[in-house]
Each structure stands twice: as structure tokens, then as C-alpha cells.
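The values are calculated or read from the model by the stated rules, or taken from the named source; none is laboratory data. These numbers come from a predicted model, not from an experiment. When we count neighbours, we look across all protein chains shown, and the Cβ atoms used for this are built from the backbone with ideal geometry, even at glycine.
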Amino acid sequence: MVNVAIFASGNGSNAENIANYFSDNNNISITLIVSNKSDAYVHERAKKLRIPSVSFNKIEFADGIK
């Protein structure tokens, strides 16, 4: 099993399409959606897809926080 994280920063339609594409694949699992925007709609899509999502800002990323 390959675990895949999707990086998104906006609406999340591409992330949703990717997750749906692999939803019936037994070899690939979308396990996380990551965004640099905490208010991006992609987090709502992730909830609907039952995929955990996290966000970080530039400082957290640079400092290795989270």
C-alpha cells in the first residue's frame, strides 16, 4: 500500500478528483491533504471525503513546526 498526501491551496477540486480517482484502488491510499491556507475550501472537501487535512504557514514550514 502506498500512502499519498495531496498538497492544495485553494478550492480543492483537483484534490477531490485525485482522491476520487484512487478511491477504489487497493494499492494507493490518499491519507492526508496539506494546505498552506487554513481557510482554503479544500479542508471542507477533505472532511466530506473523510481524509485528514492540515494547514501550515510559511513560518511554521520554515521552522519545522507541526
Notebook entry, point to check: Filter the stretch 18-28 for residues that are hydrophobic (A, V, I, L, M, F, W, C) and either surrounded by 17 or more Cβ atoms within 10 Å (Cβ to Cβ) or outside any loop (DSSP other than H, G, I, E, B) (or both); which is farthest from the chain's Cα centre (by Cα)?
Noted result: ILE28
Notebook entry, point to check: List pairs: first in the stretch 1-28 and under 17 Å from ASP39 (Cα atoms), second among the aromatic types (Phe, Trp, Tyr) and surrounded by 12 or more Cβ atoms within 10 Å (Cβ to Cβ), Cβ under 6 Å, 6+ apart or cross-chain?
Noted result: ASN11/TYR41; GLY12/TYR41
Next item on the list: Please verify whether the stretch 7-17 includes one or more residues that are surrounded by fewer than 11 Cβ atoms within 10 Å (Cβ to Cβ), touching a strand residue (DSSP E or B) at 6+ places or on another chain (Cβ under 8 Å) and not hydroxyl-bearing (Ser, Thr, Tyr).
Entry: no
Note to self: Need the failing condition index for PHE7 against (1) modelled with pLDDT of 95 or more; (2) closer than 13 Å to SER53 by Cβ; (3) not in a strand (DSSP E or B), just the number.
What the structure shows: (3)
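I want to confirm something. Restricting to the stretch 29-47 and keeping residues that are without any contact (Cβ under 8 Å) to a residue 24 or more places away in the chain and either over 12 Å from the mean Cα position of the chain (by Cα) or not in a helix (DSSP H, G or I) (or both), which single residue is surrounded by the most Cβ atoms within 10 Å (Cβ to Cβ)? Full working, then the answer.
Step one: list which residues in the stretch 29-47 are without any contact (Cβ under 8 Å) to a residue 24 or more places away in the chain, which gives 38-39, 47.
After this cut, where a residue has to be either over 12 Å from the mean Cα position of the chain (by Cα) or not in a helix (DSSP H, G or I) (or both) as well, the list is 38-39.
On the way: SER38: 11, ASP39: 8.
Here the residue is SER38.
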Note to self: So, in the stretch 11-66, exactly how many residues are under 17 Å from MET1 (Cβ atoms) and either touching a His at 6+ places or on another chain (Cβ under 9 Å) or of a type in the set (Gly, Ala, Ser) (or both)?
What the structure shows: 3
Next item on the list: Enumerate the pairs (first residue in the stretch 49-65 and exposed (fewer than 10 other Cβ atoms within 10 Å of the Cβ); second residue anywhere and of a type in the set (A, V, I, L, M) and in a helix (DSSP H, G or I)) with beta-carbon separation below 8 Å, excluding pairs fewer than 6 apart on the same chain, so at least 6 apart or on different chains.
Entry: ILE65/ILE59
